[in-house]
Amino acid sequence: MTATEQPNTLLLAAALKRQYLHACAPAAAELLRQHEVIKALVAALEEARTGLLWYQDSFPDTSDESDGEAMARIDAALALAKEQR
């Protein structure tokens, strides 16, 4: 490679890198947004789980199988979210 070809190769590589990063930016932004949504949903599920446990402990006479079913759905969703991390 001659001395004049090397700078041209470096300029081309830099241009291709910028073009690649520019093309990937929307996809990366969408992935970041989805990650933030999942974090918020996991936090809400964990809070709901804590509240449901408190309710079941505080009012055992009114707790029924629907509470257990809800807890199972919450636990399944949290497990699924943790697998995706």
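The values are calculated or read from the model by the stated rules, or taken from the named source; none is laboratory data. Remember, predicted model here, so these are calculated numbers, not experimental data. Neighbour counts are summed over all protein chains in view; Cβ atoms, including those assigned to glycine, are modelled from backbone coordinates with ideal geometry.
A quick yes/no check of all residues on (1) modelled with pLDDT of 90 or more; (2) basic (Lys, Arg):
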| residue | (1), (2) |
| --- | --- |
| 4 | no, no |
| 7 | no, no |
| 18 | no, yes |
| 32 | no, no |
| 35 | no, no |
| 40 | yes, no |
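Kindly list, by first and then second residue, each pair from a residue in region 16-39 that is in contact (Cβ under 8 Å) with a residue 40 or more places away in the chain to a residue that is part of a helix (DSSP H, G or I), limited to pairs with Cβ atoms under 9 Å and residues at least 6 apart or on different chains.
38/81; 38/84
Scan region 60-81 residue by residue and report those that are free of Cβ contacts under 8 Å to residues at least 24 places away in the same chain and in a helix (DSSP H, G or I).
Step one: list which residues in region 60-81 are free of Cβ contacts under 8 Å to residues at least 24 places away in the same chain, which gives 60-73, 76, 79-80.
Passing the criteria: 65, 66, 67, 68, 69, 70, 71, 72, 73, 76, 79, 80.
Quick one: count up the residues across region 39-59 that are outside any helix (DSSP H, G or I) and of a type in the set (A, V, I, L, M).
Total satisfying the criteria: 0.
Which members of region 36-54 meet the condition of being over 17 Å from the mean Cα position of the chain (by Cα) and among the β-branched types (Val, Ile, Thr)? Working first, answer last.
Of the residues in region 36-54, the ones over 17 Å from the mean Cα position of the chain (by Cα) are 47-54.
50 - this is the single residue of region 36-54 that is over 17 Å from the mean Cα position of the chain (by Cα) and among the β-branched types (Val, Ile, Thr).
For residue 85, only one of the following conditions fails: (1) within 17 Å of the chain's Cα centre (by Cα); (2) of a type in the set (D, E, K, R); (3) at pLDDT 85 or above; (4) surrounded by fewer than 12 Cβ atoms within 10 Å (Cβ to Cβ). What is its number?
Residue 85 satisfies all of (1) within 17 Å of the chain's Cα centre (by Cα); (2) of a type in the set (D, E, K, R); (3) at pLDDT 85 or above; (4) surrounded by fewer than 12 Cβ atoms within 10 Å (Cβ to Cβ) except (3).
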